[in-house]
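Chemist: This structure is in structure tokens; I'll ask about it shortly.
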Amino acid sequence: MARPRKFSDSAVLDAAMEVFWEQGYEATSTQDLCERTGLQRGSLYNAYASKHAIYEAAIKRYAATRAAQQLDELAPTDGSVRARLRSLMLSMVELDLNDPGRRGCLALNAATEASGRTGDVAGLVHQQFKDLEEALVVLITIGQESGELSAGRSPTQIARMFQSAYYGLRVLAKVTDDRQALLDVVDGTIAAL
């Protein structure tokens, strides 16, 4: 009979998520994970089998926590669609500029690493991108039906344009302190809706 775990999975995954978010998969060592999670190597591997499995679990944790918060901001409610889309972008500008590590988006970071473009990690990241696109399509459709947004283009096309600008904004915020440049991206994107 297996011994019960003496640690919290969510606390371990939060710590692992932070390490991968700060350093990326390739630069993160098992020792880094042990130090941040407080687990010995044997306990870590007994619980998660491999560094890659821990990474997958951390990406899932990110989706269930951080990415889910973004989706919550886009959930249909009363109010201006443009204002909600602008608010999402502005909240990310503030989050990214106030992050001393300039980590950006973990899913986007994963997509740009070799380990994130294959297998299960690629599927997990793709699902996060798809979830955001679907939430945007719903919101944009509401905006078109209410007359707030032009119905001249498909909601999917507009959602994909917004999503590209949104992810570009997240990358740009990793390398610049120029708040006005980031706000120009926000204003240009919202004007293009």
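The values are calculated or read from the model by the stated rules, or taken from the named source; none is laboratory data. Nothing here was measured: the structure is a model prediction, and the numbers come from that model. Positions of Cβ are backbone-derived with ideal geometry, glycine not excepted, and every protein chain shown enters the neighbour counts. For the accessible areas, the whole protein counts, side chains as well, though only heavy atoms, and no ligand, DNA or RNA atoms are used. Shrake-Rupley method; radii C 1.70, N 1.55, O 1.52, S 1.80 Å.
Chemist: Just name the residue that is nearest to D14 (Cα to Cα) out of those in segment 41-55 that are without any contact (Cβ under 8 Å) to a residue 24 or more places away in the chain and among the small types (G, A, S).
Modeler: A53
Chemist: Separate question: With respect to the numbered conditions (1) open to solvent by 40 Å² or more (accessible area, probe 1.4 Å); (2) charged (D, E, K, R); (3) within 20 Å of V171 (Cβ to Cβ), which one is the sole condition not fulfilled by D99?
Modeler: (1)
Chemist: Please verify whether V93 is of a type in the set (A, V, I, L, M) and over 14 Å from K174 (Cβ atoms), treating the condition exactly as stated.
Modeler: No; evaluated as a whole, the condition is false for this residue.
Chemist: Right, here's the next one. Keeping to segment 136-180, report how many residues are closer than 18 Å to L90 by Cβ, loosely packed, with under 14 Cβ neighbours inside 10 Å and small (G, A, S).
Modeler: The number of residues fulfilling the criteria is 2.
Chemist: A further question follows. Any chance segment 106-116 includes a residue that's within 16 Å of F20 (Cβ to Cβ) and not in a helix (DSSP H, G or I)?
Modeler: So far as segment 106-116 goes, yes, one or more of its residues are within 16 Å of F20 (Cβ to Cβ) and not in a helix (DSSP H, G or I).
Chemist: If you don't mind, there's one more thing I want to ask. Residues to consider are L39, L71; find the one that is farther than 17 Å from L106 by Cβ and in contact with a helix residue (DSSP H, G or I) (Cβ under 8 Å, 6 or more places away or on another chain).
Modeler: L39
Condition check ((1) at pLDDT below 95; (2) farther than 16 Å from A122 by Cα) across all residues:
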position	(1), (2)
Y25	no, no
D32	no, yes
R36	no, yes
L39	yes, yes
A47	yes, yes
H52	yes, no
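Chemist: Restricting the first residue to segment 61-72 and requiring it to be aromatic (F, W, Y), which pairs with a second residue that is surrounded by 13 or more Cβ atoms within 10 Å (Cβ to Cβ) meet a Cβ separation below 7 Å and a spacing of at least six or different chains?
Modeler: Y62/M17; Y62/L106; Y62/A107
Chemist: R82: open to solvent by 60 Å² or more (accessible area, probe 1.4 Å), basic (K, R) and either farther than 30 Å from T141 by Cα or not in a helix (DSSP H, G or I) (or both), yes or no?
Modeler: So R82 fails the test.
Chemist: Still on this model: List every residue pair whose Cβ atoms lie under 6 Å apart, where the two residues are 6 or more positions apart in sequence or sit on different chains, the first residue falls within segment 162-186 and is within 13 Å of L108 (Cα to Cα), and the second residue, located anywhere, is assigned to a loop (DSSP other than H, G, I, E, B) and open to solvent by 40 Å² or more (accessible area, probe 1.4 Å).
Modeler: K174/R102
Chemist: Here's a follow-up. Considering L90, L74, which residue is within 22 Å of the chain's Cα centre (by Cα), closer than 30 Å to D178 by Cβ, open to solvent by less than 40 Å² (accessible area, probe 1.4 Å) and of a type outside the set (K, R)?
Modeler: Result of the check over L90, L74: L74.
Chemist: Give me the pairs: first residue in segment 122-143 and under 21 Å from P76 (Cβ atoms) and in contact (Cβ under 8 Å) with a residue 60 or more places away in the chain, second residue open to solvent by 40 Å² or more (accessible area, probe 1.4 Å) and not hydrophobic (A, V, I, L, M, F, W, C), beta-carbon distance under 8 Å, and six or more apart or on different chains, which are they?
Modeler: The qualifying pairs are V138/P76; L139/P76; I142/P76; G143/R82.
Chemist: Only one of A63, A53, A49 is surrounded by 17 or more Cβ atoms within 10 Å (Cβ to Cβ) and among the small types (G, A, S); which?
Modeler: Result of the check over A63, A53, A49: A63.
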